[in-house]
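Q: The following block contains the structure, expressed as structure tokens.
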Amino acid sequence: MGQEIESSDFSEADYDAFAARLKEETELLGEMLSDDCQGTCFDDGSWVGGYELETWLVDAHGMPAASNGEFLNHLGSEDAVAELARFNVEFNAPPSRLTGNLLSHMQAQLEQLWQSGQQVAEGLDTSLLATGILPTVEQRDLVLANMSDSTRYQALNQQVLRLREGRAIHLDIKGSEHLQMTHHDVMLEAATTSFQIHLQFPRHLGARIYNASKIVSAPLIAASANSPFLFQYSLWDETRIPLFEQSVPVGASDSVSVSPLVCAMRMNRSSRYSMPT
């Protein structure tokens, strides 16, 4: 997950090969989840956790600073990687077993990485800011010129536009105010940053954990909503929800044509670390 690719150009043979591989892996997952597997296809069922924090680089005026390449070169940490836009970076933690004082350890690890990053940012006349949507970001900031230097992000943009047959992306978000606008690439997604917790749990608890996460999502959002503004419009209390839903829509399509998009999307918003299985 999160690995670079060599080219963003795909042929029909690539689409067919990816669709075939996806079908094989889906069938393999079905076998692993079957009763015949009896739990031997997974690890010992230990609880494992990790996180990723997507953050902004801003200048002295609180505006997006498109300098994550220089920032990451100076920071020199494998736990920090570029996000979709040049003004976003992502901090990661390696997956660890949930035992003892792991949560305190993860907090201390993130604080140390954040402090190191803040020192580097200050040396570049910028600073780090963790917020869901940067209130000062403008539509003119979310353009391909500010896309991070990565072939996988180029592939993401190309495949979304291919599936949309070149049609512009239309935002229509109605909250306290009403925002309607069009955009012509995937960079709108760069405005939706977050702190994400990754959790591995025993296979037999899968349905219960999934249902619990859905139930708890509403009160968690109610307690922690922090993104009401987008392009100077006051919208939802948590505007990231409709913005993320509308930023890369492709509509219904067959599995063969969607598969490269699935690949690109996985590479786009994934953590540097994959969770053990």
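Q: Would you mind putting 76-85, 113-122, 197-206, 48-57 in packing order, based on average other-beta-carbon counts within 10 Å, highest first?
A: 48-57, 76-85, 113-122, 197-206
Q: Probe 1.4 Å, all protein chains in place: accessible area of H74 in Å², nearest 10?
A: Ignoring ligands and nucleic acids, H74 comes out at about 120 Å².
Q: Give me the extension gain from V216 to R140: residue separation times 0.36 nm, minus the current Cα-Cα distance, reported in nm with one decimal.
A: The span from V216 to R140 would gain 23.8 nm if fully extended.
Q: Continuing with the same structure: Can you find, among S96, H178, V160, the residue farthest towards the positive end of the dipole of the chain? Put +1 on the C-beta of Lys and Arg, -1 on that of Asp and Glu.
A: H178
Q: Want the number for S34 to A168: 0.36 nm per residue separation, take away the alpha-carbon distance, what's left?
A: 44.0 nm is the gain from fully extending S34 to A168.
Q: Place +1 on the Cβ of every Lys and Arg and -1 on the Cβ of every Asp and Glu in the chain, take the dipole about the Cα centre, and give the residue among S217, Q119, L57 whose Cα lies farthest towards its positive end.
A: Of the options given, the answer is S217.
Q: Extension gain A60-E111, at 0.36 nm per residue separation less the Cα-Cα distance, in nm?
A: Working it through step by step, the gained length comes to 16.1 nm.
Q: Measure off, as a whole percent, the carbon and sulfur share of the 1.4 Å-probe accessible area of the chain, all protein chains present.
A: The value for the chain is 53 percent carbon and sulfur by accessible area.
Q: Another question, then. For region 122-137, just list the computed ³J(HN,Hα) in residue order, Karplus coefficients 6.51, -1.76 and 1.60, θ = phi - 60°, integers in Hz, with x standing in for Gly and Pro.
A: Those phi angles translate into 4, x, 9, 6, 9, 8, 8, 9, 9, 7, x, 10, 5, x, 8, 5 Hz.
The values are calculated or read from the model by the stated rules, or taken from the named source; none is laboratory data. Keep in mind that what you see is a predicted model, and the values were worked out from it rather than measured. Every residue, glycine among them, receives a Cβ derived from its backbone with ideal geometry; neighbour counts consider all protein chains shown. In case anyone asks, the SASA skips ligands and DNA or RNA and just uses the protein heavy atoms, side chains included. Shrake-Rupley method; radii C 1.70, N 1.55, O 1.52, S 1.80 Å.
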